[in-house]
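Undergrad: The structure that follows is given in the form of structure tokens.
The values are calculated or read from the model by the stated rules, or taken from the named source; none is laboratory data. Because the structure is a prediction, the values reported are computed rather than measured. Please note: Cβ atoms are built from the backbone with ideal geometry, for glycine as well, and neighbour counts cover all protein chains shown. Side chains included, ligands, DNA and RNA excluded: accessible areas come from the protein's heavy atoms. Shrake-Rupley method; radii C 1.70, N 1.55, O 1.52, S 1.80 Å.
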Amino acid sequence: MSDDCLPSSGSPVQDACAYADLSRAQKRQRLREIAQVFLKLGSIAFGGPVAHIAMMDDEVVKRRGWLSQERLLDLLGATNLIPGPNSTELAIHIGYERGGIAGLMVAGVSFILPSLLLVWGLAIAYVHYQSVPQVDWLLYGIKPAIVAIVLQALWKLGRKAIKGWLTGSVVLATVVAFAGGGSELVLLLLAGASVVLFRRGFSQHTLRSTGLPSLMLALPAPVSAPMAAASGLQIFWVFLKVGSILYGSGYVLLAFLQRDLVDHNHWLTTQQLLDAVAIGQVTPGPVFTTATFIGYLLNGHVGALAATCGIFLPSFVFVLALNPWVAKLRASQTMSAFLDGVNAASLGLMAAVTYTLGRAAVVDGLTLFWFGVSAIAVLRFNLNAMGLILGGGIVGFAAHLLHWI
């Protein structure tokens, strides 16, 4: 251990030291600091991944100086190269930079934990009271706002993901293929491969000869028999698959869950899925803790734990494997092209499932009105999502008091 790393905790000298060069006591102190920072962020991080990342930048770069701005941007770029929730993976990256493998675990778990516990508690209440009007009126007003928020995410992501006719075509092909029963994983991989082929100089004739466009329409998702109940192991594997292959915004999660849990296995209804998304929106932290809520609906505490572990485990593994290679991957033209294709396909998946969610949320004149207000608020005035959700709760409460629902 270097003598330069001996000063007490919190000194500028220690902050510059590698985790491996610290004493045992200093390592424990650093891990406590990591836990405190990310427990705080996980408790107040409303507003989605972009807001989460801005909070991390303020906390770890500007206030604490743990990373340079350039390094944070490199890590953020790396999260776009792997599946999973970007803001959670950025937290895990920062933990790894600050405290090695132990810091990786502490940062990730600390960021997830507040939302996990809150969503778990709300799932228990939902199961107990779901047939009670009080729960119905609350979600009645929130659901149309959720659809508007998803539309805003589609708009913002579309402006970045659609970079020309090629990625625009990928979006349209994905919408058509998904509506026709195409597998999400196949669509994502084929989209990425198609963009790589075109950008590396393959002609349209060459691409057609590979059969990629027809495969995007011809390959359906595997059809499984309807199930009346789900075991903990089945839930774990479903969410492990989703966490391992899901690119893009957390809203893309809806497309995967709609197909696996609603359309194929019939474990949930579309209405329950929308309820789960609403719960995920009113809580801070990762949107992916929606999995905790769904897992509890499917199999109680066992299901909640299985779903949570399944969906977040890949992020820890991917970050651990990727972090040492961040600089090289970021500079790779092939990986950049593949990511452009995957992001375009993710946008298509989001667009396809938004229609289904909208039909479940907009059920009468009042919900149509609130959806319109919400859409204008987010698309024209960029109103914070939390404000819309609170407004939706008020709309539902007023409708309940007036006996409109």
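Undergrad: Taking region 298-340 only, how many residues are assigned to a helix (DSSP H, G or I) and open to solvent by less than 40 Å² (accessible area, probe 1.4 Å)?
TA: The qualifying residues number 20.
Undergrad: Hey, another quick one. Of all residues in region 215-230, count the ones that are modelled with pLDDT under 50, buried (at least 17 other Cβ atoms within 10 Å of the Cβ) and assigned to a loop (DSSP other than H, G, I, E, B).
TA: 2
Undergrad: What pairs come up if the first residue lies in region 156-177 and is closer than 21 Å to residue 256 by Cα and in contact (Cβ under 8 Å) with a residue 60 or more places away in the chain, the second is hydroxyl-bearing (Ser, Thr, Tyr) and open to solvent by 20 Å² or more (accessible area, probe 1.4 Å), and their beta carbons are under 9 Å apart, counting only those six or more places apart or on different chains?
TA: 157/249; 157/251
Undergrad: OK, next. Among the residues of region 355-362, is any in contact with a Phe, Trp or Tyr (Cβ under 8 Å, 6 or more places away or on another chain), of a type in the set (Gly, Ala, Ser), part of a helix (DSSP H, G or I) and more than 28 Å from residue 169 (Cα to Cα)?
TA: Yes, region 355-362 contains a residue that is in contact with a Phe, Trp or Tyr (Cβ under 8 Å, 6 or more places away or on another chain), of a type in the set (Gly, Ala, Ser), part of a helix (DSSP H, G or I) and more than 28 Å from residue 169 (Cα to Cα).
Undergrad: How many residues does region 285-297 contain that are open to solvent by 10 Å² or more (accessible area, probe 1.4 Å) and either part of a loop (DSSP other than H, G, I, E, B) or of a type in the set (S, T, N, Q) (or both)?
TA: 0
Undergrad: Look at residue 369 and say whether it is over 23 Å from the mean Cα position of the chain (by Cα), in a helix (DSSP H, G or I) and not charged (D, E, K, R).
TA: Criteria met by residue 369.
Undergrad: Pick out, from region 26-133, the helices (runs of 4 or more DSSP H) lying fully within it that include 2 or more residues that are surrounded by fewer than 23 Cβ atoms within 10 Å (Cβ to Cβ) and touching a Ser or Thr at 6+ places or on another chain (Cβ under 9 Å).
TA: Fully inside region 26-133 and qualifying: 49-56, 86-129.
Undergrad: Checking the conditions here, which among 78, 102 is among the small types (Gly, Ala, Ser) and closer than 30 Å to residue 254 by Cβ?
TA: Just one listed residue meets the conditions, 78.
Undergrad: Residue 346 - would you say it is hydroxyl-bearing (Ser, Thr, Tyr), modelled with pLDDT under 80 and either closer than 22 Å to residue 241 by Cβ or in a helix (DSSP H, G or I) (or both)?
TA: yes
Undergrad: Ok, one more. Residues in region 231-283 that are surrounded by 20 or more Cβ atoms within 10 Å (Cβ to Cβ) and part of a loop (DSSP other than H, G, I, E, B): how many?
TA: Of the residues in that region, 10 qualify.
Undergrad: For region 376-394, what are the residues that are outside any loop (DSSP other than H, G, I, E, B) and more than 21 Å from the chain's Cα centre (by Cα)?
TA: 376, 377, 390, 391, 392, 393, 394, listed by residue number.
Undergrad: When you check residue 397 against the structure, is it within 20 Å of the chain's Cα centre (by Cα), among the aromatic types (Phe, Trp, Tyr) and assigned to a helix (DSSP H, G or I), yes or no?
TA: no
Undergrad: Another one. Those residues that are charged (D, E, K, R) and at pLDDT 75 or above, I need them from region 325-343; list them, please.
TA: Answer for region 325-343, where residues must be charged (D, E, K, R) and at pLDDT 75 or above: just 340.
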